[in-house]
Every structure is written in C-alpha cells, then in structure tokens.
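The values are calculated or read from the model by the stated rules, or taken from the named source; none is laboratory data. Owing to the predicted nature of the structure, the values given are computational and were not obtained by experimental measurement. Backbone-built Cβ (ideal geometry, glycine too); neighbour counts: all protein chains shown.
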Amino acid sequence: MTDQQTDEKVAFMPQMVNLEYRIVTSPIHQRFDKQMREGRIVGQKCPSCGLVFVPPKGFCPLCAIVMTEKDEVAVKDTATVTSFTVITPIQYQGQKEREEYVLANLILDGADSSIGQQRIEGIPHHDVRMGMRVKAVWATPEERAGEEGGGMRGWGLTAAVKHWEPSGEPDTPREQYQEHIL
Amino acid sequence: MSVKTAVVGVGQTHHKKVRDDLSMAGLLREAAIRALEDAEMEWKDIDAVVIGKAPDPFEGVMMPEVYLADALGCAGKPIMRVHTAGSVGGSTAVVATHLVQSGVRERVLTIGFEKQSEGDTTWGLGGGRSGSVGAGGYFAPHMRAYIDRANAPDYIGPAVAVKDRLNALKNPYAHLKLPDITIEQVMDSPYVWEPVRRLESCPTSDGAAAMVLASEKVADASSKPVAWVHATAVRSELGQFPGRDPVDPQGGRDCAADVYGHAGITDPINDVDVLECYVPFSWYEPMWLENLGFAAEGEGWKLIESEETNFGGKLPTNVSGGVLSSNPIGASGMLRFLEAALQVRGMAGEHQVEGAKTAVGHAYGGAAQFFAMWVVRTEKP
Amino acid sequence: MTRDIAIVGYASTPPQTEVRETETQMLFPAVNEALERAGVTRKDVGFTCSASCDYLSGAPFAFVQTLEVTGAWPPISESHVEMDGAWALYEAWVRLHHGDIDVALAFASGITSRCNWREVSSVQLDPYYLMPLWVDDVSLAALQAQALIGSGKITEKAMAEVVARIRGGDAAALLDEPYVVEPLRAHDTPTMTDAGAAIILATGDKARELCEHPAWIAGIDHRSEAHYPGVRDLTLSNAARIAGEQAGVGKGPIEVAELAAQFSHEELLLREALGLGADVDVNPSGGTLASNPVTVSGLIRIGEAANAIIDGGRKRTLGHASAGPCLQQNLVCVLEGD
C-alpha cells in the first residue's frame, strides 16, 4: 500500500504556461467608463430598496432585480475613507508596483455601496485615517491610462481618477461610515 | 432521516514551504495513505472521493480532480471537487459528510491540498496581473476596523501569533517552527499590510489533509476511537453591499448558530472544549471568538489577554498551531476540521487537550463571506 | 433511504457566440426563469450549489461574482463546485436527503468566448507528463475516434450521420470536408458558446405541489476512469457504463437521452456504453455538439431531459454529463415521470 520510498530528490523544471484571454468590458462598464471620462461618476439606484450602487452592476444584488440606464443617478467625487491599509508590494512575476502605497475603501457622497482599491496620495501614508474626507484627483485627457473602455481595474475609476487626496473637511464621525467598512 | 457519521481515520502531510520531494499526486497520497492506515482501510474500501482546493491558477492545473483520479484510486469510482475559496477544506468535509449521512455512500475519503510551491499565489490571486495585494492586503482594512471598534490593545495580534507558533512546536506536521518567537519580536517586525506584520501572517505551505468519513455501521466496527459528526453547516453571503459588516459577518454568526443549534450547544464558551478556527492573520482570532459567540461583541480580545485561548485555558484555540503555522490553502480548512476530530478521539498526541469531548472546526473564505463549520464529539449523537 | 427528489424547473439562456455582459448579468435570466417555472422565489431555496471554472474567464474566484445572482442576503446555505453544473446538481441532490429543506437550486455559467478553449483544455491534464505535450481536447478526442474506427466499432460515415442529424445537411457531403485533426472534421467538434443555466429541485410533496409533472430523479451516479489515455481502452466508456448501471438506466425503456457528447464519435460510444438502442431519441436539443458552454453543458443536458417529462409528455429520460479527456468522468441522471 505505501509508495516506494527513495532518497533521490524529485526533479523539477520550470514550465511557463502562456494562455491568452480577452478582457471584455461589458456594456454597462463601458458606459460607466465613458461617463468617468466626461468627469461624472454615475451609479444606479435600485427602484426597490433605493440603494445606490457605484459602479453600477446592472442589477441590485440585494433585491436580485435588473437595473438599467433609467435607474442612473450621479454621485459626487468627494468621499469618506471607511477603511484602508498600507501595502508593501510583493514582488511576483508581472508585479509592477515597487513602493509602499495606500489602498482604501471609500464611500462616495451620494452612494450607498463603497468602492475599494483606491489609492490615496498627498498625505504621509501613516497619517491616513478612517473617517478622513477625500476628493478625487482627476486625470487630464493626456494622463489617462489604458484604452477606451478597458477593464474594471480599480473598480473602473482608474481610467479617469488618478488617486484621491485629503479634502481638508472635518472627519466623518464613525457612526456614519461604520456600515461601509467594505 | 440521517445516517450517523463519524471520522474513522485522518492523515496529513508534513507541511513545508516547499515539498520538492513529491509531485502533487505524491503529496495527496502521503495524506490519503495515512488516513487510510488510520482508518484500517485500503483504497478498495473507499466508495467515493471528495477533493477540495483553492483556485486552480494557484498551481496551474485546471480541475485537478481529473488528473488526480488515478492517484486517489478513482478508476471506476466517483470523484468530485468542491471549491468555496478559503473555506474549501471545511466545505469539502461537509459535502463528504452529507454523502454518508444521506446513505448514498458508506465510506468516503475527503482530501484537501495545495502545492503552492509549484505556482505563485499572489500572482494567482491577481489573475496574473500587476497590483495583486494578496489576501493580507485585502483583509488588513477589516482588521484595522476591528482594532478601532473594539479598542483592542495593539499587542493582542502579536500575542495570538506567538501562541499559535508555540502551539505548533507540539505538532509534528506543522510548517512553521519558531521556538524563539516573542511578542516583542513580533511587534518589532515590519508591517506588510499595515496594521498586519509579516510575523502575524500565515505562511504559504505545500500540504494535504485527508479524512475518512464512514457510516455508523462501519464506525462502530472500528478498533479505534472515532469522532462523531454532530452537526455541519455552510453559509455564504454577498461579499460587498451597503450595510455589510465584514468584521463580524452575519454569515459566520448564522453558520455558528446552525451548528450549535443542531449540536445542542447553548453556551459556547462552556460547552466547547477545543476550538480550531481559521486564523490566517492574528487579529482574526479575537474577531472569530466574537463572531462565533465565544465572547461578546468587542470583548474577544480579552480572552486572549487573559490567556483563555492558550493551551491550558478555558477554550484552547488552534492548539495545532492553526493556519498561522501551516497554510496549504486548500487543506487549511480541512485541517481545522481534522484537528477537531483528532482532539475528541484523544489522538492528538503532544497537543492533545486533556478530556476534550466536544470540538468545533471552522473555516472561512472569500471576502470573509463563505463559512463552513462542524461540531464533533467523542460520544455518538 | 433515498427521498423522492424531482426537477421542477429548468431554464437556460439562449447560447451566444460572444456574450458582452458580465457572467452574473448573463445568469440572471436563467435563474429567474427557472425559479418562475418552478413557482418558487429565492427565499424558498434551502440550498444552492453553483458551478463555474476560473480558467474560462482567466481570473480566480469567478463564482464569487456569480453569487450575486442568488441575492445571498440574508446569508444562504450555499456551495460551489469547480466542475460542470451537473455535479452542482448532484451535490444539491445529496443535500436534499437530509430532510430539513425542500427546495434547492443548482446553476452554472460558462463563457468560452474569452479564451481559446482548445489551448486551455490542455491545462486540465497531468501537469508533469501530459500538459507539456500540449495535447488539447480535440487531439485527444481524435485519438479516441481513431481507436474506435480502427476497432471497427464505428465509421466516419456513422459520425457524419450524427452530425447530419444534429446540424442538418447531407452525411455524404460532410465527408468531403477536410479534417481538422484526423479523423475529426470541424463539424465533428463542438460549437463553443456562452451560456448559463439553472435547475430547481424539490422533494416529495413539495415537488407535487409545485409541478404538475415533476421529473423524478430515479437514479443518479457518476464515475471516473483512468486519466492517462495511454492506459485506457479508448474504444470503451467504462465510467459511463458503470454510472449508467448504478443510475438504473437498464431498469426500463429510455425515451429521450440527452448526452453530453462534445464530438460526434462520443455519441456513438455513449450509446453503446449506456445500452441505448436506435429507438431512443438522442439529443433532440442538439446536444453539446451544437452548443458547448463547457461548465454548463451537462446541466443543460439534464435540464432538457427533465423538460421532456415536465412539459413534453415523456415518462423516462436520461441526462448525461462528462469531464476530462476522452470522456474520463461521466455522470448519468435517470428521470421518470409519474
């Protein structure tokens, strides 16, 4: 029953597997991306529960009903930091990040769902705090990275918003954001 | 309408950063053969295999049950593969248990594994793209929110990290062996995803864990003590929506309430002798102690401060060393369930908790949104 | 020991060559329609099991996104298999035996248009001995077809007749087409598609309450055989045969058989393995040859076989699923009407 035991080490060799995938940006994300490039952040408001989702999913995950363009609402480009971390990037094959950076979850003014993976700049990393108020730093048309309608990295915002910086407003009290940690 | 089911054999590999002495099949067979030997069975006695592991891109083998069928003796037998993110080791054991409880199968081998040295997890989690922050980067904000909410002293996380690694010294299979670890050392170590330090994070391990689940008829004939499954439960919740609390997820509470209800546990801290819960980053211990009802909201950290979750305490937690000491992701959840079973069988050797009769195994995954738990006991249900 | 468990609702999205929406958006109509046909809402579902494959989309945790189709709040009892949806149905079927819940949902999604499935299929093989050969599923299927032809069990003409029946056209003309991998021609290989499907299961009286003609699961079993094509007799499908026997195929006449035969020769092989005579209506839906969304294929076969009973007036049908090279794994589900 037992396998043959040997002192010889099993030999390994690296095998790089290369598979190509097409990233398809769905119509709803393409629309969101287009609106972002026009300087607008537009979400969808569920006709049943009234919650506003940014970016829009095309449905309400709580009510499980489909949402369309007629459910669109604009939200502001100011937000509260609900949680964050300071990342020390792990150097794996394909990693482009080298320096420490802040990733935060934000709740945009006017939205009910929070957005994640947002970068915060303009403040020493270790001074970032929960409840801090931030505003979007928009990229100029020249600065915008990525192709038109390309993907949903950074929750779709990185196409047009470079990062967020402190707005200088007083912090939001914990009770108001603690339901939006994620 | 349920067949009483027990764990009649367990086996695991020596978990290490790199098991370059075995192929993936070999790794699984090391655990499976130990489980079969413990169960006093042979490959031919097994009716079905249920295998679980984390995302396929971690090793670069799609649907590995197809490749592994031969190594796991499945020519002519059923093999299926469960995948529920990090909780997979637990939910795999739950599926295997259902197969026996339903009467569909009599003896089921369940196995979870990960051979992370043959891939790159951080790469895998990022879908092969730049900017992957790994699990730690994802969970760090939640841990920060817990510390803030509970006003927990900052040495609590390090204390858990030390406890689990010292426990691991008593577990011959555990990966990390850090006999000299101290709270000061952990607090001095650098952050990876602030507020989480490297020494407060789980390793990546190559490893496998296996159990043989059998019906009452088979278990009664066993010459060794068995671990009776009194309750199992799984819960999933949406990962992100307005009003979600990822720090104290409803899914975890509901999962615990389900198993406690079916196992007759009404006062967890007193009714449970040993807890094996899924703690990949130190702060998850106080968080889960609260989420699973062992401590009131905001008070989980006090159980650590008073050393009640230490080996000699009221609720020894992760005496195996836990995920913080060994983390072959696909097996980690199953190891929690396995260690719980070992305890109530009285077969945990050096890390046996004296007189353990009721143990809880717990696993979680995804955005702290998938949960799997079981309650095992020395006595039959 | 077994409970009476039936399929009471099934829906699938019309197969597309290239879906543009997200996988979750694609799934919504399938899940909603299945629930509607069964006459239940999400709140009635006691257990959910989904199926998907990360390698189709090229990113881990595809199923975490598709969880949103279930409206999993408050938290639900849910699981997932990284396999064909037929196995999600199997897990749900096992779960229903417990007796504490009456309704379960199994669903699956598969978007094949974003990858080169032939290439990706190689990644399913033994990573040490087979994958480095980059022998893809069409090539392996060709080996099996060749073995079958060589043994005299089938002919290229018989394969062309399967294709003509499913895709239309004249078998003789089909034989004039060039090979893609001898002896397979393009039409012998599946049309890859994007789709989602969902099935609602219910037990005993609940099933009778919800559905006038429930498709009772009389037997369901799955088996694997050896992985390495080199150690198998490729002219047989032992796993399918055993699964069929265990599921009770031979216990009565089968009127409709929906077989997850991706290639034309597979249909011929499975007919033999499952003991299906010429009088059995095989793949009236077009089968997996006509539309192959990979992880959804088997679930669709079972759903179509169920529909034949639910509103097709049939009494005994069969749904089949498979996975792995050369029909390595097979699942057979025998359905009966009252």
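Overview of results
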quantity	calculated
Filtered residues of the stretch B:222-251 (kept if of a type in the set (Gly, Ala, Ser) and away from chain A (no Cβ under 14 Å))	B:Ser222, B:Ser223, B:Ala227, B:Ala231, B:Ala233
Residue list for the stretch B:18-57, filter: modelled with pLDDT under 95 and surrounded by fewer than 24 Cβ atoms within 10 Å (Cβ to Cβ)	B:Val18, B:Asp20, B:Asp21, B:Leu22, B:Ser23, B:Asp56
Number of positions in the stretch C:12-57 that are in contact with a helix residue (DSSP H, G or I) (Cβ under 9 Å, 6 or more places away or on another chain), basic (Lys, Arg) and not in a loop (DSSP other than H, G, I, E, B)	2
Neighbours by Cβ (under 7 Å, 6+ apart or cross-chain): first from the stretch B:132-153, within 9 Å of chain A (Cβ to nearest Cβ); second in a helix (DSSP H, G or I)	B:Ser132/B:Thr122; B:Ser132/B:Trp123; B:Ser132/B:Leu125; B:Gly134/B:Thr122; B:Gly134/B:Leu125
Which listed residue is in contact (Cβ under 8 Å) with a residue 24 or more places away in the chain and surrounded by fewer than 19 Cβ atoms within 10 Å (Cβ to Cβ), from B:Pro172, B:Pro179, B:Pro190	B:Pro172
Every pair of residues 6+ apart whose Cβ atoms lie under 8 Å, when the first sits in the stretch C:78-102 and is facing chain B (nearest Cβ under 7 Å) while the second is surrounded by fewer than 24 Cβ atoms within 10 Å (Cβ to Cβ) and of a type in the set (Asp, Glu)	C:Glu82/B:Asp56; C:Glu82/C:Asp54
Residues satisfying the stated conditions in the stretch C:2-39, i.e. under 20 Å from C:Lys206 (Cβ atoms) and surrounded by 21 or more Cβ atoms within 10 Å (Cβ to Cβ)	C:Ile5, C:Ala6, C:Ile7, C:Val8, C:Gly9, C:Tyr10, C:Ala11, C:Val31, C:Ala34, C:Leu35, C:Ala38
Test set (1) touching a strand residue (DSSP E or B) at 6+ places or on another chain (Cβ under 8 Å); (2) outside any helix (DSSP H, G or I) - B:Asp258 fails condition number	(2)
Residue in the stretch A:164-178 that is touching a Ser or Thr at 6+ places or on another chain (Cβ under 7 Å), buried (at least 17 other Cβ atoms within 10 Å of the Cβ) and at pLDDT 90 or above present	yes
Residue in the stretch B:65-82 that is buried (at least 24 other Cβ atoms within 10 Å of the Cβ) and more than 28 Å from C:Val332 (Cβ to Cβ) present	no
Test: residue in the stretch C:129-145 that is part of a strand (DSSP E or B) and β-branched (Val, Ile, Thr)	no
Qualifying residues in the stretch A:121-161 (those that are of a type in the set (Gly, Ala, Ser) and exposed (fewer than 15 other Cβ atoms within 10 Å of the Cβ)) - the one modelled with the highest pLDDT	A:Gly122
Candidate set from the stretch C:103-128 (those that are farther than 30 Å from B:Gly26 by Cα and part of a loop (DSSP other than H, G, I, E, B)); member that is farthest from the other protein chains (Cβ to nearest Cβ)	C:Thr112
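This table checks each residue for (1) under 27 Å from C:Ser113 (Cβ atoms); (2) more than 21 Å from the chain's Cα centre (by Cα); (3) facing chain A (nearest Cβ under 9 Å).
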| residue | (1), (2), (3) |
| --- | --- |
| C:Thr22 | yes, yes, yes |
| C:Gln25 | yes, yes, yes |
| C:Ala30 | yes, no, no |
| C:Glu36 | no, yes, no |
| C:Thr48 | yes, no, no |
| C:Cys53 | yes, no, no |
| C:Ala59 | yes, yes, yes |
| C:Glu68 | yes, yes, yes |
